[in-house]
Amino acid sequence: MSNKAISTRAVSNSSLTGVSSRSKETKKAMRFSELGDTLFEELADRMATRHDYRLLFEHTLKPELFAQIRLAAASYISCVLESPVILSESEMLARIIKARESGNLPNYVGTGLLMPKKEHVLAFNALQKSMAEAFFQLGANDLIDAVDLPINLRMVFGKTSQEVMKIPFTSMKLHSDVWNGVHPDATVVVLPLFGDIDNITIEAGEMPQEMELSHMRLMSDFNDGSHVPMIAKYEDAKMQHGTMYFNDARGLHQTVRRVSEGLRISIDFRFRRKFNEGYRAMIPPEAMKPPVGGKFLKDMSVPYEDWLKVGRETLMIFDETMASAGQSYQKAKDVPLYNRNYRMINMFE
Ligand SMILES: [Fe+2]
C-alpha cells in the first residue's frame, strides 16, 4: 500500500471517529431533550388548561382565584406607595410611574423586582399565601419538589434606554433562564396581573433540540448564547392577565416592548419537580459552576411543604426598611440580582 493510501485511510478513520463521537453526542442530546419533554408533558397533563407548544403550557385561573391574587398584589403595591386604601389599577399604575420617575421607589431594583421591606411584611406574606393557594389547586402537588421563596413581583416599564443592553443578564436579550443560574430542570411560572401585557410582554420559543443539553450551562452574559437560534417561535402564545404561563427552563424568551410608556406587573417564580433524578443527572456539574466573579441568581428555592406554610404557619420577616433601602440604593453601583432578604418565623411558637 502506498504512503498516500495509508494516510488517506488514516484521515478517513479519524474523521469516521469524529463523526461517530458527534453522532453519539447528538444521540445523548436527543435523549436529554426527549426525557425533558416527557417530564414536562406529565406536568402539563396535570396542570394545563391549554398546551399548544412543546416547552410552554398555560393554566387560566378560575376568576375568583385570580381576583384573590390581584387583590393581594394591589394591597401590597398600595402599601409600598403608602396609600392607606387599596388603589384601583389605573391609580396604582399612575402612582408607580410617578414614584419611579421622582426616585421614590427605592425597593424597585434594576432587574424589575419590587422588593418587600419591613413596612410590607404582612401585605407581602398575604400575597405569597394567595399565590400558594392558587398553585396548590392546580393538581400536581405530589410532583412538586421545591419552589422559589419569595415569589417575584415584577414591574416592567415601557420606558427604557439602550443602556440596559449593557447589562449582562437583561431580559431584553434572548435567553434561557439557565444561563444566569436557573436549574435546567426547573419550570418558570409567569402570571400577568396588571397593566399593558399586550405591548410590554414576553415572546417565547425554542432552540434546536440537539442544542439543548450543551446549552444548559452558566454564561457570563446572555450574549454568550447569541449564536443559539430560536427555531420555533410561539407566535400565538399572547400573554393575558389571569393566565399562568409554564415555561420549561430549556425554552428561549425575551422581554418585548412595543410602546415606550406604561408598565406591566406580573408574578413569577420557578419550581423543580420530583421523580426526575435521571434527567437532573444528565447535566454535567461543571456546566452549572459559576465563573469567578460572575453574578448569578441565588438558589431561592425551599421545599414545597415549607412554601405552602408561608402566611399560614410561618412568616417571612424583612428587616430592611424603605429608608435604609433608599440609602443603600443611593450608594449601590451594582444591583444584586436577588438576595435572600428575609428570615422566617413561626407564628405559633
Ligand atoms: Fe428569563
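No value in this document is a laboratory result; all are computed from the given coordinates. Predicted model, so just to flag it, every value in this text is computed and none were measured. Neighbour counts are summed over all protein chains in view; Cβ atoms, including those assigned to glycine, are modelled from backbone coordinates with ideal geometry.
Structural remarks
- Summarising the amide proton neighbourhood of Phe194: residues at separation of 5 or more, or on other chains, whose placed amide H is nearer than 5 Å comprise Ile265.
- Subtracting the Cα-Cα distance of Ile86 and Glu210 from their residue separation scaled by 0.36 nm leaves 39.7 nm.
- Couplings 3J(HN,Hα) for segment 251-266, derived from phi with the Karplus relation 6.51 cos²θ - 1.76 cosθ + 1.60 (θ = phi - 60°), are x, 9, 7, 7, 6, 10, 10, 9, 9, 10, 9, x, 7, 10, 10, 9 Hz, where x marks Gly and Pro.
- Cα gyration tensor shape of segment 94-247, rounded if a/c is under 1.5, else prolate or oblate by comparing a/b with b/c: oblate
- Spin-label zone in segment 117-135 - amide nitrogen under 17 Å from a point set 7 Å from the Cα of Ser328 along the C-beta vector: 117-121
- Residues in segment 25-52 that a label on Asp236 would reach, taking backbone N under 13 Å of a point 7 Å out along Cα→Cβ: 50-52
- When only Cα pairs below 8 angstrom with a gap of at least 6 residues are kept, the chain shows a relative contact order of 25 percent.
- Whether segment 29-93 is rounded, prolate or oblate, judged on the alpha carbon gyration tensor where a/c under 1.5 counts as rounded: prolate
- Ratio of Rg to Rh for segment 23-346: 0.94 [Cα atoms; Kirkwood radius as inverse mean 1/r over pairs].
- Distances between placed amide hydrogens fall under 5 Å for Gly262 paired with Gly158, Lys159, all partners being 5 or more residues away or on another chain.
- Fully extended contour minus Cα-Cα distance, from Glu305 to Gln137, at 0.36 nm per residue: 59.1 nm
- Two-site label geometry, Asp52 and Arg258: point separation in nm, points 7 Å out along Cα→Cβ: 1.4 nm
- With R₀ fixed at 45 Å, the C-beta to C-beta distance from Arg22 to Glu42 puts the FRET efficiency at about 0.90.
- Once the Cα-Cα distance is subtracted from the 0.36 nm per residue extended length, the Glu64 to Met30 segment shows a gain of 8.1 nm.
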